[in-house]
Amino acid sequence: MTDTKPLDGRVALVTGASRGIGYAIAKLLAAQGAHVIATARTQGGLEELDDEIQAAGGACTLVPLDLQSPDGIEKLADIIADRWGKLDALVVNAGVLGLITPTAQLSSKVWNEVLAVNLIAPARFIRAFEPLLKQSDAGRAVFTTSGVGSRRAKAFWGAYGASKAGLDILVQSWANELADSSVRANLVNPGTVRTRMRATAAPGEDPLSLPHPDEIAPVFASLCLPGETRNGEIIDAQG
Ligand code: NJP
């Protein structure tokens with residue numbers, strides 16, 4: 001007798017899958033039976049993920065992509081439409097920190113990257129993938145936000161905080177529009193997690209004092225389940 005898994009037969013896209021939180025989410029969704037489409041810029045990280053997923057008996061498609069490229073997100077939606085005709089779970093997790101610096105000193109270069117990756121790319125995912133999520137019987141979208149955002153402003157975190165505050169409102173607005181559909185969209189605040197981004201933000205901190213991404217990935221995976229009913233919520237992964 002073969003084991004059935006909660007995401008058998010489902011197709012899931014994860015951004016920021018080359019390391020950190022996205023890597024852990026992609027691995028877990030594949031372990032739960034989903035065919036995972038994993039995207040980021042770093043080919044080596046994606047290949048390591050593919051090796052791990054395959055070794056555990058799962059399935060994965062790698063798509064190296066810079067979210068700042070002019071039409072990469074839209075082309076990816078076209079490819080998924082041609083191959084699968086639907087998307088069951090969209091996890092928009094990729095993010096950049098920019099610079100932790102006095103707000104008055106933030107350069108246009110930093111603003112442009114932080115807003116492009118953390119806010120404009122998620123908006124482009126919503127536009128490009130809403131039709132595919134609606135082709136699923138239970139399309140689920142999950143976005144990675146932060147404790148610094150719409151619920152809390154923090155000195156020196158102006159660009160990152162503004163981008164995540166914008167993301168919160170973007171996703172909650174969209175979720176309100178989805179209320180009468182079979183699609184659900186939520187945000188997860190991961191809390192502090194042992195990743196490269198956190199090590200850059202808090203270099204003096206002992207990484208081993210923080211949870212590993214594998215410990216918080218189940219919160220994201222639960223929001224990808226067809227039976228999930230929450231919509232428009234910001235969920236704190238560490239309570
Ligand atoms: O960070 P990190 P996390 N195009 O740096 C990708 C949020 N968060 O896992 O392209 C495409 O290890 C990058 O891939 P690559 C945070 O805001 C975290 O901690 O290969 N992809 C990599 O896979 C973010 O939204 C904490 O460089 C791009 C990934 O993004 C999410 O958690 C606390 C890209 C970043 O991996 C994951 O961050 C919190 C681009 N242009 C919120 N730029 C925490 N860790 O404590 C970046 O409140 N990526």
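List of remarks:
- Residues that are of a type outside the set (A, V, I, L, M), within 14 Å of the ligand (Cβ to nearest atom) and outside any loop (DSSP other than H, G, I, E, B) within the range 203-230 comprise P207, S209, P213, D214, E215, F220, listed in sequence order.
- Unmet criterion (only one of (1) surrounded by 15 or more Cβ atoms within 10 Å (Cβ to Cβ); (2) in a loop (DSSP other than H, G, I, E, B)) for K164: (2)
- From the options F129, F143, residue that is aromatic (F, W, Y) and more than 10 Å from the ligand (Cβ to nearest atom): F129
- Count - residues of the range 194-220 that are aliphatic (A, V, I, L, M) and over 22 Å from Q32 (Cα atoms): 6
- Residue in the range 106-116 that is near the ligand (Cβ under 10 Å from one of its atoms) and part of a loop (DSSP other than H, G, I, E, B) present: no
- Residue within the range 229-239 that is touching a residue at least 24 places away in the same chain (Cβ under 8 Å), out of contact with any strand residue (DSSP E or B) (no Cβ under 6 Å at 6 or more places or on another chain) and under 20 Å from L28 (Cα atoms) present: yes
- Evaluation of L187 against (1) over 22 Å from L99 (Cα atoms); (2) of a type outside the set (D, E); (3) part of a loop (DSSP other than H, G, I, E, B); (4) touching a residue at least 40 places away in the same chain (Cβ under 8 Å) (one fails), failing number: (3)
- The range 205-234, subset within 19 Å of N93 (Cα to Cα) and of a type in the set (G, A, S), residue surrounded by the most Cβ atoms within 10 Å (Cβ to Cβ): A217
- All conditions but one from (1) without any contact (Cβ under 8 Å) to a residue 12 or more places away in the chain; (2) within 9 Å of the ligand (Cβ to nearest atom) apply to R196; the one that does not is (1).
- F156 meets the conditions (1) assigned to a loop (DSSP other than H, G, I, E, B); (2) within 11 Å of the ligand (Cβ to nearest atom); (3) more than 13 Å from the chain's Cα centre (by Cα) in every case but one. The failed one is (2).
Just so you know, all these numbers are worked out from the coordinates, no wet-lab data involved. Since the model is a prediction, treat every value here as computed from it, not as a measurement. Here Cβ is always computed from backbone atoms with ideal geometry, including for glycine, and neighbour counts include all displayed protein chains.
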